[in-house]
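The values are calculated or read from the model by the stated rules, or taken from the named source; none is laboratory data. The structure presented is a predicted model; accordingly, all values stated were derived computationally and were not measured. Neighbour counts run over all protein chains shown; Cβ positions are idealised from the backbone, glycine included.
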Amino acid sequence: MSDHPNRRDFLKTVGTVGATGIAAAVGAESPADAQAQTAAKAAPAAAPVSHAYTFLTAPEAAFIEAAVDRLIPADDLTPGGTDCGVATFIDRQLAGAWGSGDRMYMQGPWDKGVPTQGYQSPLTPAEYFRAGIAATNAYCRKTLQKEFDRLTADQQVKVLQDMEQGRAALEGVPTQEFFNLLLQTAMQGFFADPVYGGNRDKVAWKMIGFPGVIAIYSEHIKTYRNKKYDVEPKSILDLS
Amino acid sequence: MATRLKEVDIVIVGLGWTGGILAKELSEAGMRVVALERGGMRATNPDFAIPLIRDELKYAVRNALMQNPARDTLTFRHSPSERSLPMRQLGSFLPGEGLGGAGVHWNGVTWRWTGIDHALRSHYEHRYGKAFIPSDMPVQDWPMTYAELEPYYDRFERTAGVSGKAGNVRGVKQDGGNFFEQPRDREYPLPALENSYSQMLFRDATLQAGYHPFPRPCANASRAYTNPDGSRLGACVYCGHCERFGCEANAKGSPHITVIPKAMAQPTFELRTHSWVTKVLLDSTKKKAIGVAYTDVATGQEYEQPASIVALCAYAINNVHLMLLSGIGTPYDPVAQKGIVGRNYCYQPGGGGVTLFFEDKIFNPFMASGAFGVALDDFHASDQFDRTAMGAVGGATIAVGQSNGRPIGYRPVPSGTPRWGAEWKKATAKWYLRAMNIGVTASNMPNRYNAYDLDPTYKNVFGQPLLRLTYNFLENDRKVVGYVAQKAAEIARSMKPASMSNPGTLGDYNIVPYQSTHNTGGAIMGASPKDSAVNRYLQSWDVPNVFVVGASAFPHNSAYNPTGPVGALAYWTADAIKTKFRKRPGLLT
């Protein structure tokens, strides 16, 4: 399989080219690659996706873009994660209060504990992401001789599955915990109000039929029993 | 150095439902009342205005209205042999902070507890024999009967604008209400809300099966309502942003739109926000409280507020924490089984619910109210339900609500679906509108090892020990959940879904995923200081001018939400202070 052109290489040469454009530039050799190709077709022509990040470094952004495109692949339902703004969402969350450990008890001493005791890392969520990305890339280099974003889409899917199932062991980072945090944050970005940078054009809400934030159903609760409520969703962004 | 302030008649710690009720009742009776609230001010407008209040990420995921664990949290372990570690992020439960407390962000389910709950040990010993109650399960009767508390339940339902349908008015059964409820003096203040399609299907199926479905009582106003105090509530608009949010329509019975503004209209009432009480101050005998110490968290200034009476009206967990930090009562030791304060911590085992998927039905899960629902009490309040087959104390309610159809948190897919990728996406798109859930809410009986004490290692921002929680679900809980989950699954199968999830089972307690904010016990009420921290007026046996109000007083947890009796007990305690303690301070009998 030929190498994917890589976001970092493109950044060096052409600046802000989207991951979808990159994917379209390579031949599809597998189902996941085909999905990546579909991304190019499904991506809206107007309103280019921002690839400007304030927390993520270029290699980290390349990782997150590739990861969210595998977690939320492009298909006829929505564009891929990056084109839905999910990487942007994650960057902003990591740069903001949540990433900095807001509303978390951060005092020691530290002990691993058991999973039912919850998050016990001394790292803030932003630091945890940073460590998790580095450890995943180290794992990919060791096992596949390339960093995560340079793997084929199929290889990326396999790495993520191995992390999810605990088959891959990252050095220094609890693998399944990091995967779960990555997945959870990606899903938040996909489904949260577009005001946070993800769920671009309310694609995720349109996909499932969630009408958004006006939500006055005093009459509809009676008139829409067993009946689809088809409306253009409205977001905080639309109403502000 | 703390600044000593002018003495008042009563200082109230925490201004949610219980603090708000005491503040209103006692300031209207002419007492000088100061309320200390650790969080900030809040008002429906602008704090809960559309569109910003419809922000699932901010309110439901990042917990904007809740306590901040960075300042104070608790540590947790399953058993005394394990190392307790801090709950570093909120998860399993969500104590509120700020004016109105959890009364702002609750869903509004408002039960009166059963006759069995009020006389738990007596009932089981009489019906099943003493040996039926395991020796490590310290269940006990409430120190007042249902009949004694009935007028106070009624009072709270009137205040909060509860919608429902009576099942028993003065002993006369009523069609459509809860067949198994205790007698009520009168109908609910408001008729039940409309039903969702899922609730209608459930009602039909359960009637067919011979059960007794009824509208779940709920403090979401089914129409505009003015309560007996003149507070005005709007009608619920079924917005689906109830629990964890404030209500922009003022349709959710909440203290910040009812009792608190009434207290604030009294010249003898004063509210201080951002005021964090660190300790109840006792005199040298340790038998009398002289006031409280608090820190203004906005300035860092420390104060002493002297008062003739101290009322702990914080969240149930924090009431117990303050008692232990202040040396009120004897701390409980689960190994020696000595002491009182901290024992009988209970929670709410879930896990018995089932999700149903239909190819041909549309449920619109976003059209939702916090508490509306169709419920069954056949496996809980019903004395006809023989617990012998289940082999356990307690029971569970089964209900179909429809309250949280928001897309970050609610994305049902059939079991076996991957959590991400193309297949996950297709399933999510297909089933979001086409799934419904039958919930099972189980009671929780106390166990000698399920308890609070002070953590030996971890501290809060004031340098005080965190509370330590030792807790797990036990055999009795697994039997209850397992038994009633099968009943729920039978109902589900009769509804003929295309597929359904497997009947739930109960594993170990996990403090990470949200389950309920139904933490009870720790400062339990009873008839004797030998087995309780507070008496029937929620008055400390050890320091009689301290009242400890809230679910901390429950000796066990019912298969119901706690707020109904929490509100009733607050009115009951306020009455006792007004009519008894004021005339003759000291231990009430």
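Computed values, structure above
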{"quantity": "Selection from region B:145-174 of residues that are among the aliphatic types (A, V, I, L, M), under 22 Å from B:Pro213 (Cβ atoms) and touching a residue at least 12 places away in the same chain (Cβ under 8 Å)", "calculated": "B:Val162, B:Ala166, B:Val169"}
{"quantity": "Test: A:Thr82 is of a type in the set (S, T, N, Q), more than 10 Å from chain B (Cβ to nearest Cβ), over 28 Å from B:Tyr509 (Cα atoms) and part of a loop (DSSP other than H, G, I, E, B)", "calculated": "yes"}
{"quantity": "Enumeration of residues in region A:190-208 that are in a helix (DSSP H, G or I) and more than 9 Å from chain B (Cβ to nearest Cβ)", "calculated": "A:Pro194, A:Arg200, A:Asp201, A:Lys202, A:Val203, A:Lys206"}
{"quantity": "Count - residues of region B:504-561 that are without any contact (Cβ under 8 Å) to a residue 60 or more places away in the chain and touching a His at 6+ places or on another chain (Cβ under 6 Å)", "calculated": "0"}
{"quantity": "Test: residue in region B:545-556 that is more than 14 Å from every other protein chain (Cβ to nearest Cβ), under 23 Å from the mean Cα position of the chain (by Cα) and surrounded by fewer than 23 Cβ atoms within 10 Å (Cβ to Cβ)", "calculated": "no"}
{"quantity": "Only listed residue being within 30 Å of B:Val162 (Cβ to Cβ) and of a type in the set (Gly, Ala, Ser), chosen from B:Ala2, B:Ala70, B:Ala49", "calculated": "B:Ala49"}
{"quantity": "Failed condition for A:Ala215, given (1) facing another protein chain (nearest Cβ under 7 Å); (2) among the small types (Gly, Ala, Ser); (3) on the phi > 0 side of the Ramachandran plot; (4) out of contact with any strand residue (DSSP E or B) (no Cβ under 6 Å at 6 or more places or on another chain)", "calculated": "(4)"}
{"quantity": "Tabulated pairs, region B:461-474, first over 27 Å from B:Gly350 (Cα atoms), second of a type in the set (A, V, I, L, M), C-beta under 6 angstrom, 6+ apart or interchain", "calculated": "B:Gln464/B:Leu325; B:Pro465/B:Leu454"}
{"quantity": "Residues of region B:182-199 classified as touching a residue at least 60 places away in the same chain (Cβ under 8 Å) and closer than 22 Å to B:Gly370 by Cα, total", "calculated": "8"}
{"quantity": "When residues of region B:63-96 are limited to those that are of a type in the set (D, E, K, R) and surrounded by 18 or more Cβ atoms within 10 Å (Cβ to Cβ), the one nearest to A:Pro194 (Cα to Cα)", "calculated": "B:Arg88"}
{"quantity": "Which numbered condition B:Arg468 fails, given (1) crowded, with 21+ Cβ neighbours inside 10 Å; (2) away from chain A (no Cβ under 14 Å); (3) of a type in the set (D, E, K, R)", "calculated": "(2)"}
{"quantity": "Any hit, region A:121-144, residues being in contact with a Gly (Cβ under 7 Å, 6 or more places away or on another chain) and outside any helix (DSSP H, G or I)", "calculated": "yes"}
{"quantity": "Selection status of A:Ile214, more than 30 Å from A:Ala52 (Cβ to Cβ), surrounded by 17 or more Cβ atoms within 10 Å (Cβ to Cβ) and modelled with pLDDT of 95 or more", "calculated": "no"}
{"quantity": "Test: residue in region A:182-189 that is surrounded by fewer than 21 Cβ atoms within 10 Å (Cβ to Cβ) and facing chain B (nearest Cβ under 7 Å)", "calculated": "yes"}
{"quantity": "In region A:95-125, the residues that are at the interface with another protein chain (Cβ under 7 Å from one of its Cβ atoms) and among the acidic types (Asp, Glu)", "calculated": "A:Asp111"}
{"quantity": "Which numbered condition B:His212 fails, given (1) over 30 Å from B:Gln384 (Cα atoms); (2) in contact (Cβ under 8 Å) with a residue 40 or more places away in the chain; (3) surrounded by fewer than 24 Cβ atoms within 10 Å (Cβ to Cβ)", "calculated": "(1)"}
{"quantity": "Region A:218-238: number of residues that are assigned to a loop (DSSP other than H, G, I, E, B) and more than 7 Å from chain B (Cβ to nearest Cβ)", "calculated": "6"}
{"quantity": "Among (1) crowded, with 24+ Cβ neighbours inside 10 Å; (2) farther than 13 Å from B:Pro143 by Cβ - the single one B:Ala533 does not satisfy", "calculated": "(2)"}
{"quantity": "Yes/no for B:Pro69 being over 19 Å from the mean Cα position of the chain (by Cα) and facing another protein chain (nearest Cβ under 9 Å)", "calculated": "yes"}
{"quantity": "Within region B:407-432, considering residues that are over 30 Å from the mean Cα position of the chain (by Cα) and either β-branched (Val, Ile, Thr) or part of a loop (DSSP other than H, G, I, E, B) (or both), the one surrounded by the fewest Cβ atoms within 10 Å (Cβ to Cβ)", "calculated": "B:Gly416"}
{"quantity": "Single condition B:Asn168 does not satisfy, out of (1) more than 22 Å from the chain's Cα centre (by Cα); (2) surrounded by fewer than 20 Cβ atoms within 10 Å (Cβ to Cβ); (3) closer than 15 Å to B:Val374 by Cα", "calculated": "(3)"}
{"quantity": "Qualifying positions in region B:1-42 - within 18 Å of B:Gly101 (Cβ to Cβ) and part of a loop (DSSP other than H, G, I, E, B)", "calculated": "B:Gly14, B:Leu15, B:Gly16, B:Glu37, B:Arg38, B:Gly39, B:Gly40, B:Met41, B:Arg42"}
{"quantity": "Some residue of region B:449-460 being farther than 16 Å from B:Leu74 by Cβ, within 19 Å of the chain's Cα centre (by Cα) and surrounded by 21 or more Cβ atoms within 10 Å (Cβ to Cβ)", "calculated": "no"}
{"quantity": "Among the residues listed as A:Arg150, A:Arg141, A:Arg225, the single one being in the same structural domain as A:Ala67 (by TED's automatic domain parsing), surrounded by fewer than 22 Cβ atoms within 10 Å (Cβ to Cβ) and over 23 Å from B:Trp424 (Cβ atoms)", "calculated": "A:Arg141"}
{"quantity": "Condition met for B:Thr285 (surrounded by fewer than 17 Cβ atoms within 10 Å (Cβ to Cβ), β-branched (Val, Ile, Thr) and closer than 26 Å to B:Lys6 by Cα)", "calculated": "yes"}
{"quantity": "Subset tally (residues that are under 24 Å from B:Gly567 (Cβ atoms) and either among the acidic types (Asp, Glu) or modelled with pLDDT under 95 (or both)) for region B:117-153", "calculated": "4"}
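Residue-wise test of (1) closer than 22 Å to B:Tyr458 by Cβ; (2) crowded, with 20+ Cβ neighbours inside 10 Å.
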| site | (1), (2) |
| --- | --- |
| B:Ala293 | yes, no |
| B:Glu304 | no, no |
| B:Cys313 | no, yes |
| B:Gly329 | no, yes |
| B:Asp333 | yes, no |
| B:Ala336 | no, no |
| B:Gly342 | yes, yes |
| B:Leu356 | no, yes |
| B:Asp360 | no, no |
